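J.: Structure in structure tokens, see below.
The values are calculated or read from the model by the stated rules, or taken from the named source; none is laboratory data. No experiment lies behind these values; they were computed from the predicted model shown. Because the Cβ atoms are built from the backbone with ideal geometry, glycine has one as well, and the counts that use them run over all protein chains shown.
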Amino acid sequence: MHLDIEKTNTLTLSILDEAPAYHQWIFEKMRPWLGETVMEVGCGVGHLTGLLLQQKRVIASDINEDYLKTVKDKFRGHPNLEATFHWDIRHPSPGRFHEPIDSIVCSNVLEHLGEDEKTLGYFYQFLPPGGKLILLVPALKWLYNVLDEELGHFRRYSRREIRQKLEAQRFKISQLAFLNGFGIVGWFINGTLLRRRLLSVQQVRIFNKLVPFFIQIEKIIPMPVGQSLMVIGEKG
């Protein structure tokens with residue numbers, strides 16, 4: 001029996017409060033590509049938002065009004081928070097802003113969309129020439145399991161698929177790399193072998209403590225595969 005997808009996502013976001021080192025790791029991978037003004041698409045409850053705000057002006061957007069309220073309350077008065085913005089990315093952006101937004105951060109969102117290519121097209125339209133899409137998506141089609149189903153994921157991506165979809169929308173690929181090779185083991189054991197429908201808080205805490213070790217290992221031995229793919233697409 002499936003849990004309600006929205007409740008599962010909210011519970012998962014709450015569990016991921018226990019993984020600040022992981023969020024910092026993701027942010028450090030994104031940092032070199034960020035422009036001066038960032039639209040964070042699917043900000044959730046602000047795990048990445050707080051890190052982005054340390055460096056750049058940020059407009060935080062989500063389809064979930066409760067998440068937006070959480071982010072607004074959490075970062076109220078922060079000088080770099082330009083706005084919170086309701087955007088259902090299955091449709092073109094309904095808003096216009098005083099300054100051009102030169103980068104979009106979209107972390108673990110695209111896999112929730114049936115028509116993901118259409119949304120990539122909206123991102124392309126939204127960005128100015130030279131603007132960058134910083135995209136994190138789940139990788140490895142064979143790894144798709146119960147955990148993905150419960151979160152409402154339509155897919156996990158291969159390198160070839162995400163490249164083709166971005167290039168079909170005229171993005172130039174500046175980087176395409178696997179991330180978090182060690183995470184494959186936990187996802188496979190929990191979702192495929194044990195068929196668990198939710199991440200374990202205790203396991204997330206342990207994983208978070210091991211992140212600095214994983215980072216050092218991946219500096220020495222680059223991972224040929226990973227639980228996620230990070231893709232940088234540039235508008236020509």
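J.: Would you confirm, using the coordinates I've provided, whether Val58 is closer than 23 Å to Lys132 by Cα and touching a Cys at 6+ places or on another chain (Cβ under 9 Å)? It would help to see each step written out before you state the result.
T.: Numbers: closer than 23 Å to Lys132 by Cα: yes; touching a Cys at 6+ places or on another chain (Cβ under 9 Å): yes.
So Val58 fits the description; yes.
Residues are listed down the side, and each one gets a yes or a no for (1) surrounded by fewer than 20 Cβ atoms within 10 Å (Cβ to Cβ); (2) of a type in the set (A, V, I, L, M); (3) at pLDDT 95 or above:
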residue	(1), (2), (3)
Tyr22	yes, no, yes
Leu48	no, yes, yes
Tyr67	no, no, yes
Asp73	yes, no, yes
Arg90	yes, no, yes
Pro94	yes, no, no
Ile101	no, yes, no
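J.: Could you run through segment 111-120 and say how many residues are surrounded by 14 or more Cβ atoms within 10 Å (Cβ to Cβ) and in a loop (DSSP other than H, G, I, E, B)?
T.: Going through segment 111-120 one residue at a time, the tally reaches 1.
J.: For segment 201-226, give me each residue that is without any contact (Cβ under 8 Å) to a residue 60 or more places away in the chain, surrounded by 15 or more Cβ atoms within 10 Å (Cβ to Cβ) and closer than 28 Å to Ile5 by Cα.
T.: Gln203, the sole residue that qualifies.
J.: On the basis of being without any contact (Cβ under 8 Å) to a residue 60 or more places away in the chain and β-branched (Val, Ile, Thr), does Ile59 make the cut?
T.: Details: without any contact (Cβ under 8 Å) to a residue 60 or more places away in the chain: yes; β-branched (Val, Ile, Thr): yes.
Yes, satisfied.
J.: Could you tell me which of the residues Thr37, Thr12 is over 30 Å from Glu234 (Cβ atoms) and in contact (Cβ under 8 Å) with a residue 24 or more places away in the chain? Full working, then the answer.
T.: Working: Thr37 fails: over 30 Å from Glu234 (Cβ atoms).
From the options Thr37, Thr12, the qualifying one is Thr12.
J.: On the given criteria, is Gln169 within 22 Å of Glu117 (Cα to Cα), under 16 Å from the mean Cα position of the chain (by Cα) and crowded, with 16+ Cβ neighbours inside 10 Å?
T.: On the way: within 22 Å of Glu117 (Cα to Cα): yes; under 16 Å from the mean Cα position of the chain (by Cα): no; crowded, with 16+ Cβ neighbours inside 10 Å: yes.
The answer is no for Gln169.
J.: So, restricting to helices (runs of 4 or more DSSP H) that lie completely within segment 1-110, which ones have at least 3 residues that are more than 21 Å from Leu147 (Cα to Cα)?
T.: Of the helices (runs of 4 or more DSSP H) lying wholly inside segment 1-110, those with at least 3 residues that are more than 21 Å from Leu147 (Cα to Cα) span 20-30, 49-53, 65-74.
J.: Looking for whichever is closer than 21 Å to Thr10 by Cα and either surrounded by 15 or more Cβ atoms within 10 Å (Cβ to Cβ) or in contact with a strand residue (DSSP E or B) (Cβ under 8 Å, 6 or more places away or on another chain) (or both) here; the options are Gly186, Gly130. Which one fits? Even if it seems obvious, please write down each step before you answer.
T.: Numbers: Gly130 fails: closer than 21 Å to Thr10 by Cα.
The unique qualifying residue is Gly186.
J.: Return the only residue of Ile189, Ile215 being of a type outside the set (Asp, Glu), more than 17 Å from the chain's Cα centre (by Cα) and over 30 Å from Gly131 (Cβ atoms). Outline the logic, then answer.
T.: On the way: Ile215 fails: over 30 Å from Gly131 (Cβ atoms).
Every option except Ile189 fails the conditions.
J.: So is Gly233 more than 27 Å from Glu6 (Cβ to Cβ), touching a strand residue (DSSP E or B) at 6+ places or on another chain (Cβ under 7 Å), of a type outside the set (Val, Ile, Thr) and in a strand (DSSP E or B) or not?
T.: Working: more than 27 Å from Glu6 (Cβ to Cβ): yes; touching a strand residue (DSSP E or B) at 6+ places or on another chain (Cβ under 7 Å): yes; of a type outside the set (Val, Ile, Thr): yes; in a strand (DSSP E or B): yes.
Yes: the conditions hold for Gly233.
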